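The values are calculated or read from the model by the stated rules, or taken from the named source; none is laboratory data. Just so it is clear, the model here is predicted, and its values are computed rather than measured. A quick note on method: Cβ atoms are made from the backbone with ideal geometry, for glycine too, and the neighbour counts reach across all protein chains shown.
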């Protein structure tokens, strides 16, 4: 079945550091890929998405590129802020099933 | 996007009792989903609920334990039956607007079973 693997956290960075959170997937067909963010005490929010190979999703300074050859969708940000502290989930949606398959989540802690 | 509300936002329940969680969407949607997020864990799909048909449950989840209703295109309920402490989790509903597209999540219901 489909699966998503994320790097384990927590990831601790200083403010303005560069962020990379790795995400790789296994899926049949041509899934859509997503990053969701969960701030402390809140629900999940869609951060960005990509629906086909080589697409780049971007939002709030975050970006991720759909790499079919490496089955990856790594999340990056050039300069993190304290307010980016949250749990980040990589997910895929296989068009055939419509359900979302989530990775394990990566907690990001940004220190001033 | 979609505006999704859930009730209750949190509850503390005794083992052996049942709790019904409501999910309300601000517009009509075909597919609604119920997820469970156990403490410190990722999300696991419980079931998919389409209006006018029986919910489809994922492996490990059964209708007797998690009955779901979907009476119309803007509303759904999930009941957690005969609760045990292992049911302590955040329960989230979500909706999908475009087939194969992104899902939008409600704020979640934090359930603690004592």
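Taking the condition within 22 Å of residue A:26 (Cα to Cα) and more than 10 Å from chain B (Cβ to nearest Cβ), does residue A:49 pass?
So residue A:49 fails the test.
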Identify, by number, the condition in (1) in contact (Cβ under 8 Å) with a residue 24 or more places away in the chain; (2) over 18 Å from residue A:42 (Cα atoms); (3) more than 12 Å from the chain's Cα centre (by Cα); (4) not in a loop (DSSP other than H, G, I, E, B) that residue B:11 doesn't meet. (2)
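Name the residues in region A:73-91 that are under 10 Å from the mean Cα position of the chain (by Cα) and either part of a strand (DSSP E or B) or within 10 Å of chain B (Cβ to nearest Cβ) (or both), would you?
Here is the first cut: in region A:73-91, the ones under 10 Å from the mean Cα position of the chain (by Cα) are A:73-76, A:87-91.
Passing the criteria: A:75, A:76, A:87, A:88, A:89, A:90, A:91.
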Conditions (1) surrounded by fewer than 18 Cβ atoms within 10 Å (Cβ to Cβ); (2) under 23 Å from residue A:79 (Cα atoms) -> residue A:3 fails only (2)
Which residues, counting only those in region B:24-40, are farther than 20 Å from residue B:97 by Cβ, in a strand (DSSP E or B) and more than 10 Å from chain A (Cβ to nearest Cβ)? B:36
Just for region B:41-70: of the residues that are more than 13 Å from chain A (Cβ to nearest Cβ) and not in a loop (DSSP other than H, G, I, E, B), which one is surrounded by the fewest Cβ atoms within 10 Å (Cβ to Cβ)? B:69
Does residue A:108 satisfy being in a strand (DSSP E or B) and more than 14 Å from chain B (Cβ to nearest Cβ)? yes
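Do we have residue A:24 as away from chain B (no Cβ under 12 Å) and either part of a strand (DSSP E or B) or surrounded by 12 or more Cβ atoms within 10 Å (Cβ to Cβ) (or both) here?
yes
So that you can scan it fast, the table gives a plain yes or no per residue for (1) more than 14 Å from the chain's Cα centre (by Cα); (2) assigned to a strand (DSSP E or B):
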residue: A:1; (1), (2): yes, no
residue: A:9; (1), (2): no, no
residue: A:29; (1), (2): yes, no
residue: A:34; (1), (2): no, yes
residue: A:37; (1), (2): no, yes
residue: A:54; (1), (2): yes, no
residue: A:58; (1), (2): no, yes
residue: A:69; (1), (2): yes, no
Just for region B:90-114: of the residues that are at the interface with chain A (Cβ under 10 Å from one of its Cβ atoms) and in a loop (DSSP other than H, G, I, E, B), which one is surrounded by the most Cβ atoms within 10 Å (Cβ to Cβ)? B:106
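Considering every residue within region B:76-89, establish whether at least one is touching a strand residue (DSSP E or B) at 6+ places or on another chain (Cβ under 7 Å), within 14 Å of another protein chain (Cβ to nearest Cβ) and either surrounded by 16 or more Cβ atoms within 10 Å (Cβ to Cβ) or modelled with pLDDT under 90 (or both). Don't jump to the end; show me each part of the working.
Just the residues of region B:76-89 that are touching a strand residue (DSSP E or B) at 6+ places or on another chain (Cβ under 7 Å), to begin with: B:76-80, B:83-85, B:87-89.
Still in the running and within 14 Å of another protein chain (Cβ to nearest Cβ): B:89.
Okay, now just the ones that are also either surrounded by 16 or more Cβ atoms within 10 Å (Cβ to Cβ) or modelled with pLDDT under 90 (or both), so B:89.
The answer is yes; a qualifying residue exists.
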